[in-house]
Amino acid sequence: MPKFMTRNEEIILLTILKLKGNAYGVSIRRQIYQDTGGRWSFASIYQPLDNLVRKNYVRRIKGDPTARRGGKSKFYYELTPEGRHALLKLKKAHERIWSGFPEISLEDGN
Amino acid sequence: LVGFSGDLFGGWELKRTCPAVPRLAERILKLLYSQDYYLERSGDMEEAYGELGEESGPFRAKVWLWFQILKLFCGVIRTNIIWRFIMLKNYIKITLRNIKRHKTFSFINMAGLVVGMTCFLLILVYVCYELSYDSMHEKADRIYRVAFKHPGTSYMGHDSHLVTPSALAPALMESFPEVRKNLKALKQSIMENPNVLGVTTSSSVPTNIGSALGMKCKSEDGEDIEVHNYWIGVDYNFIDVFQMEMVQGRNFSKEFGTDAEGAVIVNESFVKEVNWSQSVGKKIPLFSDREVIGVVKDFHFHSLHMKIKPLTISISPDSRYLHARIRTENLPATLAYLREVYDRFKIRYPFEYFFLDDHFNQMYQAELKFGTVLITFSGLAIFIACLGIFGLAIHTAERRTKEIGIRKVLGASIPSILGLFYNELTRWILIANIIAWPVAYFFMSQWLQNFAYRINIGLWIFVVSAASAIFIALLTVSFQSIKAATANPVDSLRYE
């Protein structure tokens with residue numbers, strides 16, 4: 001049985017994909033806030049990020065330092081082919097699982 | 001494919017619009033992460049902190065920052081613990097795999113461990129049980145034993161001479177007059193047997209003289225010297241029968257009428273104690289004033305734990321022991337004869353006898369027992385150590401199978417491969433010896449402190465122990481290494 005990534009990992013992976021090369025800690029957090037309305041702590045972003053790096057779904061790339069960061073480098077995240085593949089598999093699985101429910105039956109509450 | 005946010009390096013020198021992250025927070029982050037990750041995370045933190053500071057004021061930003069750091073901290077700790085567990089699981093897996101692969105080695109080592117543990121537990125249980133002796137009494141600490149004890153006669157912590165009051169002796173003599181009356185006749189009857197070389201009596205056994213007393217003697221300068229000495233009452237021929245050597249003066253003799261009441265023989269230690277140059281003719285206050293008529297060569301009248309103490313010997317009619325010096329041939333017949341003579345005199349006490357050497361040996365029971373226990377457990381320890389060495393040899397041989405195969409293919413001879421094994425082993429044994437010597441020396445010398453007379457721990461003991469360790473180890477290893485060295489290299493190269 002293939003192992004799926006967690007929901008948090010999935011959200012972060014999709015956010016990285018959405019940010020198209022401008023994905024680093026602060027921007028990922030901001031994007032998640034815009035999309036979900038939740039203010040995630042940095043800890044709950046770094047944890048899945050580290051996991052994704054370990055699973056080789058995501059690559060870390062060192063950027064340049066900026067003034068706003070007190071002269072510290074940014075680290076950008078970027079999807080690897082494995083990451084894209086895993087995301088695709090997950091999406092297909094999602095679609096199959098969700099298929100067959102008319103939206104009305106959920107909104108009714110029973 | 002990297003996009004930049006446009007805020008490039010050159011800009012940050014101009015001004016810092018936002019307050020910097022507190023030092024302490026930076027330091028915590030530095031502790032939590034390695035250099036690379038620290039850069040990223042503290043940078044992100046600083047950026048978000050600055051933004052929030054502009055939005056909702058520095059105080060809110062600070063509170064937010066500290067919460068973030070707390071959460072990061074918890075996260076890092078949790079991940080670390082999880083990784084520890086995963087590593088542990090891996091280690092166990094590797095260990096199990098190794099145990100499976102080196103079955104003989106594991107078996108021998110584990111067997112050694114089990115034997116050692118079992119012995120340890122047995123000894124522990126044994127000692128605990130022994131220590132629990134008497135503690136079944138609810139108030140064990142209130143139980144006492146009442147006895148008379150001579151001063152200065154205990155050694156090794158044993159009260160070896162618990163006695164009845166001295167007034168009992170004359171009373172007993174009155175009650176049992178035949179003891180004294182029959183003594184002479186008894187001696188003569190015993191002497192009739194050709195296997196009996198001599199018969200004498202004494203107040204105590206000369207291997208364990210218990211009666212001690214203190215007296216004031218005059219030194220040659222006229223000073224008073226308090227001498228703590230032991231006393232034994234004997235028969236006239238006591239010194240002859242026990243074949244003791246006179247150093248000065250003469251033995252007791254019936255020709256001198258005064259010997260029974262006024263003469264005493266002392267031992268060399270006594271002379272040393274009072275520092276006399278010429279002892280014959282000196283007076284000492286033993287019961288009454290007595291004249292020293294001779295000096296007997298020092299002999300051990302206690303166990304070797306004690307130094308030889310000053311001793312006084314005088315004629316005494318009060319004899320509890322009758323000693324017979326007998327030939328070793330035809331021992332049972334002689335003993336039967338002694339019993340028969342004894343019974344003929346109808347003494348009320350039953351016939352009891354012991355050999356003096358047995359009596360002497362009894363004093364070393366503790367050492368003998370200790371020796372047996374020690375030998376047993378040393379044997380066991382050596383056995384376990386041998387198992388360990390054997391296991392090591394098997395392990396080494398297994399590990400180096402391929403190496404040995406290659407060496408043989410390249411033309412190494414069997415002796416050279418054996419030498420390889422032996423060299424390594426010998427080196428380790430020598431190192432182990434160097435570590436073990438001081439420890440052994442320390443404990444041995446501590447134990448030997450118990451004895452007044454003791455051997456020196458010579459260098460040869462260590463040399464012999466090292467040599468025997470090497471010998472045993474090589475013997476243990478030989479089997480395995482010869483097997484490995486003589487194996488066909490084709491097999492070993494195909495190994496695994």
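The values are calculated or read from the model by the stated rules, or taken from the named source; none is laboratory data. Only a predicted model underlies this, so the values are computations on that prediction, with no experimental measurement involved. Here the Cβ positions follow ideal geometry from the backbone for every residue, glycine too, while neighbour counts run over all protein chains shown. For the accessible areas, the whole protein counts, side chains as well, though only heavy atoms, and no ligand, DNA or RNA atoms are used. Shrake-Rupley method; radii C 1.70, N 1.55, O 1.52, S 1.80 Å.
So here's what we get for this one:
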item: Among the listed pairs A:K72/B:K30; B:K254/B:K307; B:K216/B:K307; B:K89/B:K402; A:K55/A:K91, those beyond 24 Å (Cα-Cα); result: B:K254/B:K307; B:K89/B:K402
item: Modelled FRET efficiency - R0 22 Å, B:I435 with B:F471, Cβ distances, 0.05 increments; result: 0.70
item: Theoretical gain in end-to-end length, B:Y38 to B:L368 [0.36 nm per residue, Cα-Cα removed]; result: 111.8 nm
item: Globularity index of the range B:396-457, i.e. its alpha-carbon radius of gyration over 2.2 N^0.38 Å; result: 1.96
item: Mean separation of Cα contacts under 8 Å, 6 or more apart, over the residue count of the range A:39-105: relative contact order %; result: 24 percent
item: J(HN,Hα) series, the range B:458-466, from Karplus relation 6.51 cos²θ - 1.76 cosθ + 1.60, nearest Hz, glycine and proline x; result: x, 5, 4, 4, 5, 4, 5, 5, 5
item: 21 Å tail of the calculated P(r), chain A, as % of Cα pairs; result: 45 percent
item: Residues B:N423 and B:D491, FRET efficiency given R0 of 22 Å [Cβ-Cβ distance, rounded to 0.05]; result: 0.35
item: FRET efficiency, B:E403 to A:H94 (Cβ-Cβ, R0 60 Å, nearest 0.05); result: 0.60
item: Kirkwood estimate for the range B:240-280, i.e. one over the average of 1/r between Cα atoms, Å; result: 11.7 Å
item: Solvent-free Debye scattering, log10 I(q)/I(0), computed from the Cα coordinates of the range B:213-370 at q = 0.09, 0.14, 0.15 Å⁻¹; result: -0.38, -0.84, -0.93
item: Calculated log₁₀ intensity ratio I(q)/I(0) where the Debye formula runs over C-alpha points of the range B:332-411, q = 0.14, 0.24 Å⁻¹; result: -0.77, -1.06
item: Spacing of the two label points (7 Å from each Cα toward its C-beta) at B:N450 and B:F354, in nm; result: 2.0 nm
item: Share of alpha-carbon pairs per 5 Å distance bin for the range B:31-79, given as whole %; result: 5, 20, 26, 25, 15, 8, 2
item: Segment B:L121-B:F256, length gained on full extension (0.36 nm per residue, minus Cα span); result: 41.8 nm
item: Where Rh is the Kirkwood radius over Cα pairs, Rg/Rh for the range B:367-496; result: 1.14
item: Inter-chain Cβ neighbour average for residues B:49-60, partner chain, 10 Å; result: 1
item: Probe 1.4 Å - accessible area at B:C128, Å² to nearest ten; result: 80 Å²
item: Segment B:R320-B:K297, length gained on full extension (0.36 nm per residue, minus Cα span); result: 5.9 nm
item: Area of B:T104 that stays accessible when all protein chains are in place (1.4 Å probe, Å², to 10); result: 70 Å²
item: Gaussian network model of chain A, Cα within-10 Å springs - most flexible of A:S27, A:S73, A:S99; result: A:S99
item: Packing rank of B:238-246, A:31-39, where each peptide gets the mean count of other beta carbons within 10 Å, highest leading; result: B:238-246, A:31-39
item: Cubic angstrom per residue, convex hull over Cα atoms of the range B:268-340; result: 155 Å³
item: With DNA, RNA and ligands ignored, accessible area of B:H300 (1.4 Å probe; Å², nearest 10); result: 60 Å²
item: Acute angle (nearest 10 degrees) that the helix A:25-36 long axis makes with the longest principal axis of chain A, alpha-carbon atoms; result: 30 degrees
item: ³J(HN,Hα) computed for each position of the range A:52-63 - Karplus, 6.51 cos²θ - 1.76 cosθ + 1.60, integer Hz, glycine/proline x; result: 4, 4, 5, 6, 6, 8, 9, 10, 9, 10, 6, x
